[in-house]
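The values are calculated or read from the model by the stated rules, or taken from the named source; none is laboratory data. As the structure is a computational prediction, the values presented were derived from the model and not from experiment. We place every Cβ from the backbone using ideal geometry, glycine too, and count neighbours over all the protein chains shown. When the accessible area is computed, the model is the full protein with side chains, heavy atoms only, and any ligands, DNA or RNA have been set aside. Shrake-Rupley method; radii C 1.70, N 1.55, O 1.52, S 1.80 Å.
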Number of protein chains: 2
Amino acid sequence: MSSRRFYCPDIPPVGSMVQLNAMESAHALKVLRLKAQDPLTLLDGNGTLAEAVLIVSDERQRQERHALCRVDSIRRIPRPTPAIHLLVAPPRGKNMDTVLKTATELGVETITPILCQFAVSKPDVDGKATWEQTLIAACKQSGNPWLPTIQPPCPFHDALGATPKRGFFGAVPQSWSPSSETSSPFGDEPLALWIGPEGGFSQAEEQLLMAQHVTPISIGPWILRVETAVPALLGAIHSLAKRSNAL
Amino acid sequence: MSSRRFYCPDIPPVGSMVQLNAMESAHALKVLRLKAQDPLTLLDGNGTLAEAVLIVSDERQRQERHALCRVDSIRRIPRPTPAIHLLVAPPRGKNMDTVLKTATELGVETITPILCQFAVSKPDVDGKATWEQTLIAACKQSGNPWLPTIQPPCPFHDALGATPKRGFFGAVPQSWSPSSETSSPFGDEPLALWIGPEGGFSQAEEQLLMAQHVTPISIGPWILRVETAVPALLGAIHSLAKRSNAL
């Protein structure tokens, strides 16, 4: 895989030509100043990785920012299992970008911003386009060809009805007591990970989650920011689900 | 525990008075504008949490930014086991702050910035004072009374000699192959977690780590930024070490 990765939602068959969109073309020609025959990797956000080369890159083409590529090989990458659905009370501003990036690197399938009782930040539906750009950038950066789907912001109760029942929620640690053990049987069935706002889920919300057999989990006894809870709990779940690669 | 937490390296016995330092006093009196009898929590960075009240806060004292507290109760919090020693190739600028914050929230004992072959950022010894302020802020934010020790930046080879032998290093995923299982026996002995720079450890560095029985581990098949690898692998280690609290 080339370290120069580009988003190309419609990758044609091997031997065919494809033109990158305006934003990706600008990235290739203006930012990286790639030249003819330079190798690059395309990812379609739907599990396909293609090795390609930049075909022509004369001055006129560079000016017009049309990057044309020839596809030389294609790989289908299996969708990671179990699918992890992240439901997260969005933290403020830039911190939501951090959440989106880490969730992409760690391979979640969907991300649903949830509106909780103790929410600090009311997510804007207009933010969705920006969030999608962040997810695409994170796919390119991490090499993950599976673009997570970002759902529209959704009230907690609606999300609860629409989500796979199995999973975990990030709990504010209740005590200094020694940890007990989870012995969840993991299979290939989808999992939900619920991360509440900085103030945590309300007691009512926690009870609804537990009534659906969503298991409370915390990493250590201290308070985690949302931006820390997301990667730490995804790391724990990968490890519990044996998705971590001990090489 | 009050949600207003202050760093106070010398907490006196119950019933005694203590004056917060200039920075903490400014935080209490100027930023939060606390008043007489307001409750606050003190943490000494060495495992002690104290509940206290602000004693006087007249206008003169507020101007001079001297916050005087009376200690009402004290709790000793056991040092988390196994101790986790983080050795990390520091990412650029603000991203190192993110690493320090998450490592504090997730309870590591020491942090050593390491100089690796593929380093992107040469850490500055002068940065240490700023890093310590970040760690103190993260202790206050997360309620962790154990302030991590930050070591001076250290070449990879020197760090290797000075570190507990057991542990893991973050590996760039080598293949799409299904994950295998780690069956590390975890006890109370200290653990090291090694996180390399964005380009990963060099082959020579990886071989030295493996020669010391430090186990390669990765979370999923994609490339993680250092800021993601630190919390995700700490989450996985907590979970492997049964340090995660399933309540």
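Just checking the output field for A:213-219: average partner chain Cβ neighbours within 10 Å of each residue's Cβ?
4
Short version: ³J(HN,Hα) in whole Hz for each residue of segment B:2-7, in order, from phi by Karplus 6.51 cos²θ - 1.76 cosθ + 1.60 (θ = phi - 60°), x for Gly and Pro, what are they?
5, 7, 9, 10, 10, 8
State, to one decimal in nm, how far the label point of B:Lys165 lies from the label point of A:Ala162, with both points 7 Å from Cα in the Cβ direction.
Spacing of the two 7 Å Cα→Cβ label points: 5.4 nm.
Report the FRET efficiency, 1/(1 + (r/R0)^6), for B:Lys128 and B:Ala22, where r is their Cβ-Cβ distance and R0 is 25 Å, rounded to 0.05.
E(calc), rounded to 0.05, equals 0.80.
Using a Förster radius of 56 Å, what is the FRET efficiency between A:Arg76 and B:Leu68 based on their Cβ-Cβ separation? Nearest 0.05, please.
About 0.25, to the nearest 0.05.
Between A:Thr215 and A:Asp10, 0.36 nm times their residue separation minus their Cα-Cα distance comes to what?
Value of the extension gain: 69.9 nm.
When Lys and Arg each count +1 and Asp and Glu each count -1, what net charge do the other residues less than 12 Å away from B:Ser2, Cβ to Cβ, add up to?
0
Provide Rg over Rh for segment A:4-85; use the alpha carbon set for both Rg and the Kirkwood Rh (inverse mean inverse pair distance). Walk me through the numbers before you get to the answer.
Working: Rg = 13.4 Å, Rh = 13.0 Å.
Ratio of gyration radius to Kirkwood radius: 1.03.
Could you work out which residue, out of B:Glu132, B:Glu189, B:Glu105, moves most in a Gaussian network model of chain B, that is, has the largest mean-square fluctuation with Cα springs under 10 Å?
Ranking B:Glu132, B:Glu189, B:Glu105 by mean-square fluctuation puts B:Glu189 first.
Tell me the Kirkwood hydrodynamic radius of the protein assembly as shown in angstroms, computed as one over the mean inverse distance between distinct C-alpha pairs.
Kirkwood hydrodynamic radius for the protein assembly as shown: 24.2 Å.
Can you work out ³J(HN,Hα) from phi for every residue in segment B:145-162, in order, using Karplus 6.51 cos²θ - 1.76 cosθ + 1.60 and θ = phi - 60°, giving whole Hz and x for Gly and Pro?
Once θ is set to phi - 60°, the couplings for segment B:145-162 become x, 9, 5, x, 8, 9, 8, x, x, 9, x, 3, 5, 5, 4, 4, x, 9 Hz.
If you restrict to DSSP beta bridges whose two residues both lie in segment A:1-122, what percentage is antiparallel, to the nearest 5?
DSSP beta bridges in segment A:1-122 are roughly 70 percent antiparallel.
For segment B:77-96 and segment A:1-20, write down the distance between their C-alpha centroids in whole Å.
39 Å
Treating only the Cβ atoms of Lys and Arg (+1) and Asp and Glu (-1) as charged, compute the dipole magnitude of segment B:84-240 about its Cα centre; round to the nearest 20 debye.
So the magnitude is around 220 debye.
Would you work out what percent of the accessible area of segment B:84-240, with all protein chains in place, is carbon or sulfur (probe 1.4 Å)?
53 percent
Throw me the Rg/Rh for chain A, computed over C-alpha atoms with Kirkwood Rh, two decimals. Write down the numbers at each step before the final one.
On the way: Rg = 20.5 Å, Rh = 19.6 Å.
Taking Rg over the Kirkwood Rh, I get 1.05.
I want to check the label-to-label distance for B:Ser3 and B:Leu208. Put each point 7 Å from Cα in the C-beta direction and report it in nm to one decimal.
With each label point 7 Å from Cα toward Cβ, the separation is 4.7 nm.
Could you tell me what percent of the DSSP beta bridges with both partners in the protein assembly as shown are antiparallel, to the nearest 5?
45 percent
When chain A is treated as a GNM, springs tying every alpha-carbon pair under 10 Å, which of A:Met210, A:Met96, A:Met23 comes out with the largest mean-square fluctuation?
Result: A:Met23 has the largest fluctuation of those listed.
Where Lys and Arg each count +1 and Asp and Glu each count -1, what net charge lies around A:Ala83 among other residues with Cβ under 10 Å from its Cβ?
Net local charge, A:Ala83 excluded: -2.
Please report the antiparallel percentage of DSSP beta bridges with both residues in chain A, rounded to the nearest 5. List each step's numbers first, then the result.
Numbers: 16 of 39 bridges.
Counting only bridges with both partners in chain A, antiparallel ones make up about 40 percent.
Could you compute the FRET efficiency for A:Lys35 and A:Val120, with r as their C-beta to C-beta distance and R0 at 56 Å, rounded to 0.05?
0.75
Looking at chain B, which longest stretch skips every one of the chymotrypsin sites (Phe, Trp or Tyr not before Pro) that is in a DSSP loop with at most 16 other Cβ atoms within 10 Å, leaving the sites themselves out? Could the numbers behind the result be given before it?
Values: sites that count: B:Phe118, B:Trp176, B:Phe186.
With chymotrypsin sites (Phe, Trp or Tyr not before Pro) excluded where exposed in loops, chain B gives B:1-117 as its longest stretch.
Output, in nm with one decimal and in ascending order, the distances from the A:Gly187 label point to the matching label points of the other copies (7 Å from Cα along Cα-to-Cβ).
Ordered by distance, the counterparts are at 3.8 nm.
State, as an integer percentage, the relative contact order of chain A based on alpha-carbon contacts under 8 Å between residues 6 or more apart.
Working: 473 pairs, mean separation 47.4, N = 247.
Contact order relative to length: 19 percent.
Before rounding to the nearest 500, sum -39500 (n - 2.57) across all DSSP H runs of length at least 4 in chain B and divide by the residue total; then give [θ] at 222 nm in deg cm²/dmol.
The helix contribution divided over chain B gives -8000 deg cm²/dmol.
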